[in-house]
Amino acid sequence: MEFNFFYLHLISIPSIAFVIAVIIKWFSSIFTCWKFNIKKALSSWWMPSVHSAVVTSLTTAVALKYWVSSDLFAISLGFTVIIIYDAINIRYEAWLHAVAINKLLWEKFKESLWHLPSEAFAWSVLWILVSMFLFYI
């Protein structure tokens, strides 16, 4: 049985997802700021969530190679759930604090920290599809 490169090197799948997510963010920063902004492309600003892209694609790759009944998949899925939960909920609370502090103290704390559940779900589906494509080519 012949395996492709991505089957043998699972780390390449989340690495490619990382690069794709950064490129998408880079293009979106060009269209929203009308200039090249690498800082926004590498930050937690807007979607796609780069860290969610990495863990979702890794979990999908592990599921495809080792199946969903494996211990490795269970560990990876737990890690992914924590990361996406953080992107949706914990960082939302941090955003609320940043908004309140900025109003009270006229500070400039970063307010674009969190992602909507619908955004996280939609982008997760994309990373699952990207992972499946890479795994099976």
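Observations
- Residue check for residue 26: on the phi > 0 side of the Ramachandran plot and at pLDDT below 95: no
- Scanning the stretch 5-28 for residues that are part of a loop (DSSP other than H, G, I, E, B) and hydroxyl-bearing (Ser, Thr, Tyr) yields a count of 0.
- Residue match in the stretch 99-116 (condition: assigned to a helix (DSSP H, G or I) and under 15 Å from residue 14 (Cα atoms)): no
- With respect to the conditions (1) outside any helix (DSSP H, G or I); (2) at pLDDT below 85, residue 68 falls short on a single one, namely (2).
- Residue that is surrounded by the most Cβ atoms within 10 Å (Cβ to Cβ), among those in the stretch 55-71 that are farther than 15 Å from residue 125 by Cβ and not small (Gly, Ala, Ser): 62
- Qualifying residue in the stretch 47-63 (condition: more than 27 Å from residue 135 (Cα to Cα), modelled with pLDDT under 80 and not small (Gly, Ala, Ser)): no
The values are calculated or read from the model by the stated rules, or taken from the named source; none is laboratory data. All figures in this text were calculated on a predicted structure; none of them were measured in a lab. Please note: Cβ atoms are built from the backbone with ideal geometry, for glycine as well, and neighbour counts cover all protein chains shown.
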